[in-house]
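Shown next, in structure tokens, is the structure this report addresses.
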Protein chains: 2
Amino acid sequence: MSRLPSGQAILSRSRIIIVGAGFGGLAATQALKYADADVILIDRTNHHLFQPLLYQVATAALSSVDIATATRALLRRQANATVLMAEVVAIDPRGKRVTISSGQDIDYDFLIIATGAAYSYFGHEKWADFSYVLKTLDDATEIRSAILGAFERAEGSGDAEEIRSLLTFVVVGGGPTGVELAGNIAELARSSLTRDFRHINPASARIILCEGSSKVLGEFPDHLSAYAKSSLSSLGVEIRLGTRVTDIGPQGLRAGGQWIDTRSVFWAAGTAARPAAEWLKLEPAHGGAVSVDANCAVIGLRDVFAIGDVSSHTDASGRRLPGLAAVAKQQGVYIGKLLSAKLKGGATFPPFRYRDLGTLAVIGRYRAVARLPGLSLTGTAAWLIWSLVHLFLLVDFRSRLAVYVNWTWSWFTYGRGARLMLGMAAHDSSNPIDTGPPIEPASGGADRQ
Amino acid sequence: MSRLPSGQAILSRSRIIIVGAGFGGLAATQALKYADADVILIDRTNHHLFQPLLYQVATAALSSVDIATATRALLRRQANATVLMAEVVAIDPRGKRVTISSGQDIDYDFLIIATGAAYSYFGHEKWADFSYVLKTLDDATEIRSAILGAFERAEGSGDAEEIRSLLTFVVVGGGPTGVELAGNIAELARSSLTRDFRHINPASARIILCEGSSKVLGEFPDHLSAYAKSSLSSLGVEIRLGTRVTDIGPQGLRAGGQWIDTRSVFWAAGTAARPAAEWLKLEPAHGGAVSVDANCAVIGLRDVFAIGDVSSHTDASGRRLPGLAAVAKQQGVYIGKLLSAKLKGGATFPPFRYRDLGTLAVIGRYRAVARLPGLSLTGTAAWLIWSLVHLFLLVDFRSRLAVYVNWTWSWFTYGRGARLMLGMAAHDSSNPIDTGPPIEPASGGADRQ
């Protein structure tokens, strides 16, 4: 007997559990709108996040609400969908049951795993204590506080060496996130903050991008990578290619054999799928992912599907699908349609086919690269396509409007409207070497002093 | 020899240190724009906060950036002003020196203390562990997560008693903050959230306002208090007047001798001035404040001034000035002019006179009370005045525009755009009784699951 988490006995309708409210999980839920099933969408957070713009929150250009919306508000009108904010701790694919952290078991008829990927330190998990990653809104708020805090501490310091270390920002990883982060930190330092300090020159900040391979934006065609590299250089980013990081500590990192003093290391060098393979007791595929067949079904299990970054999906030509929002979204729609058909008695369904509409990466104002089907663009044209696409991809109208207002505003002023340091008490400044997570329990009552 | 925090020797110009970048400290800094002095504004945070709208962030109507701006961005064009993000730990009025938490001493010629007030539990400091206050942006984010989290946990719970406790919100204190908070939680529960849940009815939430005296909004005329009371009642707020709180614990509170099960207690019952009296080793006046003379000078000290909530200022008619943003702001402008004149050699200056332009408090959509000079208003008229006044008081254009967009949007949709729970992992739901500060160190890498 299936039981709802609330303990009510349910109808004999099928139940579909979806774990993860990212692009894949949300798309799957929405594609199941007219399915004859109860859909339960479980996520650790209460919001759907537009991850491609997360770096803009981290660099104070946008605020959290611009790129995130309460998941249940998005699904308000979908009567067959229930949103549950909870953490999944175990899955029993034999008993067809999901266990959440409160200890409750929830039975399913079909399970869709869409838990995404997290940053991985490739066995150097200790480095996590001395560097920042950018996956969640809390991560972005933390990075924003770290960057702004470094300038604040430098302004209050009289020690030239300390100032130099505070104003050195190192991004590890030259993929889209690393490139976007480095470009935006450079713009923040060289344009937005220039006139705000009296003792330091924010434009003197060093932004270093370390990439292990021989080019940035490795998945893009060579001439787009080359454009991205020269754009970053013109923004003042020092690019170190073929440079592997071998140590990260509280005072800096070793990259390509050379020590760099810094308090701000941003890790964007590689991801691993979230713990689905462990939950399912399966041998993990590439990057910890779960191998799926052409119908997105987890190989070796019945009625369990995996989509997005958590899945390792090889298309008909033998190519592994990339970890892109577009893939996750298309797979979500696909799996929703597949299950809707199955519930109506359909026995077979055509395999998933990824429709590649291209990839975009933005470096800064007017600077972007776009790989479109049969077309490559750089510069202002790519930037305009990027901004239009992202504006329209944002999930609800309100976010679009707010982002538009913010972008227009920063456009004319070079300003950054979201320059707030939250969750960070000023007494950190007594220990400027503190590079642990700066968010502390708010003890309440701490007013402006 | 005075030394700047950066260790550079300075000119022989006078130095004015202002502690606190709230309404008073910011106004004082700006009023010193043309003074022949170096002005150093010290604050624990990096932002100036528009506190009167903080309850809207706490109830998910506005986001943090709508009501806060980086202090140094506000003072960018004021060449004689330096902003220092630091915590003051000691003041030596004899040696004319301020010590910040890094251990650095900063000499001053004139000192302006504008550190405001914090909530006080009147000797029951332990209650702080089980209740929330609303003074800072971090407080507001924490309250927003607590309120939204209570609904989330109730949706996932099957226990009727637990649900009832989770959906009971108690506000302690019937002043403007308490009234605004209670009214907005009621509107959130009864309008914004109603269609978003499947297992609970958010409109069934109980919102209880406990006030020790015989009326809400005690500083307003009786008929305005009566209007506020009936407005709150019509929004579904249970008002308990003459009700003192005698205990607060993790499972609820005792008010007027009666136990109420709740996980959400909001403390808005009284404030105490921030630690200036201790710093100065003075006998604290009413509410821990520092007594000042008619020129806002701290009695018994030379060249130290106190403005806003941290000061106890009695006007010519013997009335103690209220703890309002308008008082702090006018005192800030006054002290800036006084010091500017003094630096030019002026010996005397007329005493500070508070120009009372009235007080406003808002209860909900269309519902507000306004006490203006010679005029009292309630309902829509008061609400319109309130919204116009607050729109124009917001410090910079961008905030105004964003607030306007957000307000217009919620006006038409009853929606709340800022429904994000930050700094709160879902595994809290395993322990729904956890009422400690829910903000936890972000450990990084926690993606959507």
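Starting from the Cα of A:Lys229, draw a straight line to each of the lysines and keep only those under 16 Å, dropping any in the same chain fewer than 8 residues away. Candidates past the 8-residue exclusion: A:Lys215. Label-point spacing for A:Arg320 across the identical copies (point 7 Å from Cα in the Cβ direction), in nm and ascending order: 7.0. Amide H contacts of A:Ile18 (H built 1.01 Å from N, in plane; Pro and chain starts excluded): A:Ile40, A:Leu41, A:Ile42, A:Ile112 sit under 5 Å, all sequence-distant by 5 or more or on other chains. As a length-normalised measure over Cα pairs under 8 Å and 6 or more apart, the relative contact order of the stretch A:95-223 settles at 19 percent. Of all lysines in the structure, those lying under 17 Å Cα to Cα from B:Lys329, and not within fewer than 8 positions of it along the same chain, are B:Lys33, B:Lys337.
Using R0 = 30 Å, the C-beta based FRET efficiency linking B:Glu278 and B:Thr348 works out to 0.45. For the stretch A:153-194, list residues with backbone N below 17 Å from a point placed 7 Å from the Cα of A:Ala226 toward its Cβ? Those under the cut-off are none; the list is empty.
Copy-to-copy label distances for A:Ala203, where each label lies 7 Å from Cα along Cα-to-Cβ, are 5.9 nm in order of increasing length. The alpha-carbon atoms of the stretch B:24-80, seen along their principal axes, cover 44, 18, 17 angstrom, with the largest extent given first.
The ranking of B:Asp139, A:Asp293 from fewest to most other beta carbons within 10 Å of each one's beta carbon is A:Asp293, B:Asp139. Of all lysines in the structure, those lying under 20 Å Cα to Cα from B:Lys126, and not within fewer than 8 positions of it along the same chain, are B:Lys135. The simple Förster model, with R0 at 25 Å and r as the Cβ-Cβ distance, assigns B:Ala160 and B:Tyr366 a FRET efficiency of 0.10. Per q in 0.09 Å⁻¹, report the Debye log10 I(q)/I(0) for the stretch B:236-394, using one uniform scatterer on each alpha carbon and no solvent. The Cα Debye sum returns log10 ratios of -0.47. I want to verify the translational diffusion coefficient of chain A in µm²/s; compute it with Stokes-Einstein, Rh as the Kirkwood radius over Cα pairs, at 4 °C and 1.567 mPa s. Using the Kirkwood radius from Cα pairs, D works out to 56 µm²/s. According to a simple spin-label model (label point 7 Å from Cα along Cα-to-Cβ), what is the distance in nm between B:Val89 and B:Leu391? Result: 4.7 nm between the two label points. Between A:Ser234 and B:Ala79, the FRET efficiency estimated from the beta carbon spacing at R0 = 25 angstrom works out to 0.25. Whole-Hz Karplus values for the stretch A:221-231 come out as x, 3, 6, 6, 4, 5, 4, 4, 4, 6, 5 Hz, taken residue by residue from phi with 6.51 cos²θ - 1.76 cosθ + 1.60 and θ = phi - 60°; glycine and proline positions read x.
The Cα atoms of the stretch B:97-240 cover 62, 41, 28 Å along the three principal axes, with the biggest extent listed first.
Fewest-first ordering of B:Ile16, A:Ile299 by other beta carbons within 10 Å of each residue's beta carbon gives A:Ile299, B:Ile16. For peptide B:58-66, the mean count of partner chain Cβ atoms within 10 Å of a residue's Cβ comes to 4.
The string of couplings for the stretch B:284-292 from the Karplus curve (6.51, -1.76, 1.60, θ = phi - 60°) is x, 8, 3, x, x, 7, 9, 6, 10 Hz, one whole number per residue in order, with x for Gly and Pro. Look at the dipole of the stretch B:282-329 built from charges on Cβ: of B:His286, B:Gly318, B:Ala306, the Cα furthest out on the positive end belongs to B:Gly318. Starting from the label point of B:Gly287 at 7 Å along Cα→Cβ, the same points in the other copies fall at 5.6 nm, in ascending order. Working from label points 7 Å from Cα in the Cα-to-Cβ sense, the A:His124 to A:Leu375 distance is 4.1 nm. The label-point distance for B:Gln251 and A:Ser204, in a model that sets each label 7 Å from Cα toward Cβ, rounds to 6.1 nm. Once you divide the Cα radius of gyration of the protein assembly as shown by 2.2 N^0.38 Å, the number left is 0.97.
Does a label point 7 Å from the Cα of A:Asp261, set along Cα-to-beta-carbon, have any residues of the stretch A:129-163 with amide nitrogen under 20 Å, and which are they? Correct set: A:130-131, A:147-163. Under a model in which nothing but the beta-carbon of Lys, Arg (+1) and Asp, Glu (-1) is charged, chain A shows a dipole of about 1380 debye around its Cα centre.
Please build a GNM for chain B, connecting alpha carbons under 10 Å apart, and tell me which residue among B:Leu111, B:Leu321, B:Leu167 fluctuates the most. Among B:Leu111, B:Leu321, B:Leu167, the largest mean-square fluctuation in the Gaussian network model of chain B belongs to B:Leu321.
For A:Lys135, the residues whose modelled amide H falls within less than 5 Å of its own, excluding neighbours fewer than 5 places apart on the same chain, are A:Ala140, B:Gly445.
Amide H contacts of A:Gly174 (H built 1.01 Å from N, in plane; Pro and chain starts excluded): A:Gly212 sit under 5 Å, all sequence-distant by 5 or more or on other chains.
Each residue of the stretch B:60-72 was assigned a 3J(HN,Hα) from its phi angle through the Karplus curve 6.51 cos²θ - 1.76 cosθ + 1.60 (θ = phi - 60°); the sequence is 6, 8, 10, 9, 3, 5, 5, 10, 9, 9, 4, 4, 6 Hz, with glycine and proline shown as x.
Computed from the coordinates by the stated procedures, all read-outs in this text should not be read as laboratory data. A quick note: this is a predicted structure, and the numbers were derived from the prediction, not measured. In this analysis, Cβ positions are derived from the backbone assuming ideal geometry, glycine residues included, and neighbour counts consider all displayed protein chains.
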